[in-house]
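Have a look at the structure below before the remarks.
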Amino acid sequence: MDLSFWKKDTDETHDQFDQDQKNEYQYKEDVPNEEEKASESEVVESSVYYQSEPADPTKAKIYNSVSRWALYIGIFLLPLFFLPETSSPLEWNKSMLLIVVACVALISWLLGVMSSGFLAWRNNLLDKGILSVLLAFILATVFSVAWFKSVFGLDFSASNSLAVITALTIVYFLIVNNFEDKGGTLRSVVGFSVVVAIVYGLSQLLGINILRLSFTSSRAFNTVGSANALGILAAASLPFLSRSSLGWGWIKNLHLGKIGVALALVVLTLLNWWVLWLVVIAGMVAMIVFESLGGAKFRITKLRLPMVVIVLAVFMVVVGPNLGVVKDKLPIEVAPSFSLSRDVAMSTLRENMFFGYGPENFSVAFDKYGASKLANSNLSDARFTDAQSELMTLVVQGGLAMVIALAFLLLCLSLTLRRFYSQVPGESTGENIGVLASMSALIVGLFLYPFNMTLMSLFYVFMGMTALVIYDKNRREFNLEERTSLSLISSLGFIGALILVLVGVYFNSSIFMSDIKYAQALSEKDNKKAAEVLVGAIGWNNQDDRYYRTASRVALQLLSGEINKPADTERNTRIQNYLTTSISLAKRATEINPRETLNWTNLGFVYGNLLNLVDGVDKLSEDAYLESIELRPGDPIFNYNIGLLHIAKLDRLIFLASSKKINQSEANTAISRALADAEDNFKKSIKLSPNFGLAIYNLGVVYDRQGKLGDAIEQIEKIIPANSNQPGLMFELGLLYYRAGRKDNAYDVLQRAIVLAPDYANARWYLALILEERRDLDGAIAQLERIISIEANKDNAVVLNKLEELRAGKISFPPGKVIDQKPLR
């Protein structure tokens, strides 16, 4: 197609347009008109309209104040806060408070940043150490053996959960970047809180119950945690309190810091534990070092308190005077030894080298690698949620990643504290030295004691105050409106933080409500009401295996009660419902946390209790206990439980055979096998724990049923020295002696039984029979008269008939038939 005409016309048109434009431009250049002026004015106004609004830090003042006050209130309350309505008054409630405070403070601060377009930030080395630890916790949680527990913790242990560490990290960064007075007000808030906690804890130690609640009646109760946790708080806070002028105005004249020092020393003296004194020594030595090398004028008078306290601490450690007037009235705090904690940590690293077992899962690792070391002790069934040292606990929970992060954090702390030496004279105030010395004491405490919520929170707060002391002049200000990248990052950060806060508040609120219902169920005496409350708890939080374990036991109790009720048309339906419910709940617990020994033990218990109702559950019960053995090797209780299971199976076989429901020859074979299996498991249990009295006793029962009287007597004799105050055991041994032909031994042991329990009717009954066999009718009559003198036996026909025969001089059986007489009931 020929398009040349179109090109020609277009060229002509363009030429004409260019000429017209030139003429128009020349005209406008020569004579500016009103329209051009108006257009120029619009352009100027448009550029002004689209220009970014300048940053205005004053717009953030209200938001920053809200953030700071949230932190002040939260930090003050943390060492003191508890609620009675949950399953754990302290740890769980403190974690909830911390998370709420962190969320409110973070959102308020971010709103200030977004509204003002201005960001103030103190970049420092310690930030990197804090973030490395948070990253290690995140990685450990991702690869955790029980993720829910790692994220939110337990009712009695939450300080190492990811939610708590995240909240503490937020609190640290807000302290560093939202406080402008070097933390002066914060120091007073922390000091007040610590003094109040020490005052209340000391009053409890002395038996002064101020609050008079049911769970505060114990001397060991305080708002910090255990008595030793209170001691760690007192020891670590000594330098801080000794150098702090707490309060404002006239309040400073009260010298609360000095009062706190005196009370802390009283607490430490009453508890008198070498770990506490080592933390004290570390803090005092740090004070001396910072006073000497801090750059200010050195005065020997400032070292009087540290030196006196060090002398006192060394004396208490070396001499160890007995001050048991208070300590003896406190419950013993049990924890795995340092060597056992180290063994568990090393074994965990060999299995899960990089990420460990996950936060708050030390108990799982201890079950596998530490329980066997306690098998032959009174702590064979003990479970521990922490190692003896917080650092060892974290190593088990986070593996090599946590080791690297902690090493880096400690390096950052060391380098940060070292910077204090380079400060100019005049900046090394006593209050700053107190903060740094207490920070040093807390670092030492990490190596010696497991941290709970209060101690972990104070550790992060003191890190924040340390950063304020050392890096106060590192404050940089950013105008977010001038840099697109910062503006974008702040916007995305605000959105991410808001999502994090909403998710965190939602889940923690749900968990809090579920725990309240769980606590109600534990205190409920009516099983039906308890079951209803537990259903509500599971509705709020369906990821806590404790709820399912407890609910399965409640369903079992309801089943037992239903079986004992009179029959009605709905009875079988209810029985079937409770039966299936108990099994399904117990199984669900193992599905939620398959590495938790308690879940498999509970499942074995549930199956075992259904032995007389459901065929084949004995095998399922044994399999569950074997899984417990796999998860907690070395604990003798599981083989013991399997042995009891086979004895229960034996009794059922005897019942079925006697009621002609199974063939007698088949029953005999099954009975022999059950006895052999019971014997084998009791022996395994005794091998693990040679002093396990119940296993020894039941092995004797098995031997008795096998007709091995000599072996049965041997087992019972083993446990007599440790149970010489048990009349029932003496009674059973007496019968075994008699059956074995050792009649004099039988008589002596039964005499011991009635000495321990003068109203023990069964023992007196068999003594009377033995005396009758010996033709000592007067002695036999005396025993029977004593029996009927007891109100419960005065109308017993069997005893009255026998007494009448003896008084008439009648012996009703030939010698050797004593054991055929049924005992009294």
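From the Cα gyration tensor of segment 281-436, with a ≥ b ≥ c the square roots of its eigenvalues, which class applies: rounded if a/c is under 1.5, or else prolate if a/b is larger than b/c, or else oblate?
Details: a/c = 3.86, a/b = 1.51, b/c = 2.55.
Oblate shape, in that a/c is at least 1.5 and b/c is the bigger or equal ratio.
Heavy-atom accessible area of Asp680 with all protein chains present, probe 1.4 Å, nearest 10 Å²?
Asp680 exposes around 70 Å² with every protein chain in place.
Roughly how tilted is helix 709-719, in degrees to the nearest 10 and between 0 and 90, from the longest Cα axis of the chain?
50
Does segment 644-728 come out rounded, prolate or oblate by the C-alpha gyration tensor, with a ≥ b ≥ c the root eigenvalues, rounded set by a/c under 1.5 and, if not, prolate when a/b is larger than b/c and oblate if not? Don't skip to the end; give the middle numbers.
On the way: a/c = 2.62, a/b = 2.08, b/c = 1.26.
Prolate is the answer for segment 644-728, as a/c is 1.5 or above and a/b outweighs b/c.
Taking Cα atoms, how many degrees apart are the long axis of helix 777-788 and the longest axis of the chain, rounded to 10 and kept between 0 and 90?
So the inclination is approximately 40 degrees.
Given labels modelled 7 Å from the Cα in the Cβ direction, how far is it in nm from Glu717 to Gln576?
About 5.5 nm, to one decimal.
Net charge within 10 Å of Gly207 by Cβ-Cβ distance, Lys/Arg positive one each and Asp/Glu negative one each, not counting Gly207 itself?
+2
Would you be so kind as to identify which of Thr573, Leu613, Pro633 lies farthest towards the positive end of the dipole of segment 560-658, taking Lys and Arg as +1 and Asp and Glu as -1 on Cβ and the Cα centre as origin?
Toward the positive end, the furthest listed residue is Thr573.
Quick check: net charge around Gly112, other residues with Cβ under 12 Å of its Cβ, Lys/Arg +1 and Asp/Glu -1? Numbers along the way, then the final one.
Working: positive: Lys59, Lys61, Arg68; negative: Asp56.
Around Gly112, the charge tally is +2.
Report the relative contact order of the chain, percent, no decimals, based on alpha-carbon pairs under 8 angstrom and at least 6 residues apart. List each step's numbers first, then the result.
Working: 1174 pairs, mean separation 99.2, N = 825.
This gives 12 percent for the chain.
Ala146: net charge of surrounding residues, Cβ under 13 Å, Lys/Arg +1, Asp/Glu -1, itself excluded? List each step's numbers first, then the result.
Numbers: positive: Lys149, Arg546, Arg595; negative: Glu360, Asp367, Asp544, Asp545, Glu591, Glu596.
Net local charge, Ala146 excluded: -3.
List, largest first, the extents of the alpha carbons of segment 70-182 along their principal axes, each in whole Å.
Result for segment 70-182: principal-axis Cα extents of 43, 34, 25 Å.
Along the positive direction of the dipole of segment 729-798 (beta-carbon charges: Lys, Arg +1; Asp, Glu -1; about the Cα centre), which of Ala740, Trp765, Leu729 reaches farthest?
Ala740
Using +1 on the beta carbon of Lys and Arg, -1 on that of Asp and Glu, and nothing else charged, what's the dipole of segment 701-808 about the Cα centre, debye to 20?
Details: 14 positive and 17 negative charges, 39 e Å.
Computed charge dipole of segment 701-808: roughly 180 debye.
Report the Cα centroid-to-centroid distance between segment 107-122 and segment 310-357 in angstrom, as an integer.
Here the answer is 44 Å between Cα centres.
Reachable lysines from Lys810, Cα under 20 Å, same-chain residues fewer than 8 places away excluded?
Answer for Lys810, where 20 Å is the Cα cut-off: Lys802, Lys822, listed by chain and number.
As a quick test, which of the pairs Lys252/Lys473; Lys94/Lys529; Lys149/Lys517 have an alpha carbon distance above 22 angstrom in this structure?
Values: Lys252/Lys473 27 Å; Lys94/Lys529 29 Å; Lys149/Lys517 19 Å.
Those over the limit are Lys252/Lys473; Lys94/Lys529.
Does segment 87-246 classify as rounded, prolate or oblate by the C-alpha gyration tensor (a ≥ b ≥ c root eigenvalues; a/c under 1.5 gives rounded; else a/b over b/c gives prolate, otherwise oblate)? Don't skip to the end; give the middle numbers.
Details: a/c = 2.08, a/b = 1.31, b/c = 1.59.
Oblate, since a/c reaches 1.5 and b/c is not below a/b.
In percent, what relative contact order does segment 258-317 have, based on Cα pairs under 8 Å that are 6 or more apart in sequence?
44
Can you tell me how much longer the chain between Ser485 and Ile62 gets when fully stretched, taken as 0.36 nm per residue apart minus their C-alpha distance, in nm with one decimal? Don't jump to the answer; show the numbers that get you there.
Values: separation 423, 0.36 × 423 = 152.28 nm, distance 2.58 nm.
Stretched out fully, the Ser485 to Ile62 stretch lengthens by 149.7 nm.
Taking amide hydrogens as modeled 1.01 Å from N in the peptide plane, which residues meet the under 5 Å criterion relative to Arg122, leaving out close sequence neighbours?
Arg476
Which angle between 0 and 90 degrees, to the nearest 10, do you get for helix 61-77 versus the longest principal axis of the chain when only C-alpha atoms count?
On a 0 to 90 degree scale, this one is about 20.
Given contacts defined as C-alpha pairs under 8 Å and at least six residues apart, what's the relative contact order of segment 565-682, whole-number percent? List each step's numbers first, then the result.
On the way: 104 pairs, mean separation 22.4, N = 118.
Here the relative contact order equals 19 percent.
The values are calculated or read from the model by the stated rules, or taken from the named source; none is laboratory data. Owing to the predicted nature of the structure, the values given are computational and were not obtained by experimental measurement. So basically every Cβ, Gly included, is an ideal-geometry build from the backbone, and we count neighbours across all protein chains shown. Side chains are part of the model used for accessible areas, which takes the heavy atoms of the whole protein and leaves out ligands, DNA and RNA. Shrake-Rupley method; radii C 1.70, N 1.55, O 1.52, S 1.80 Å.
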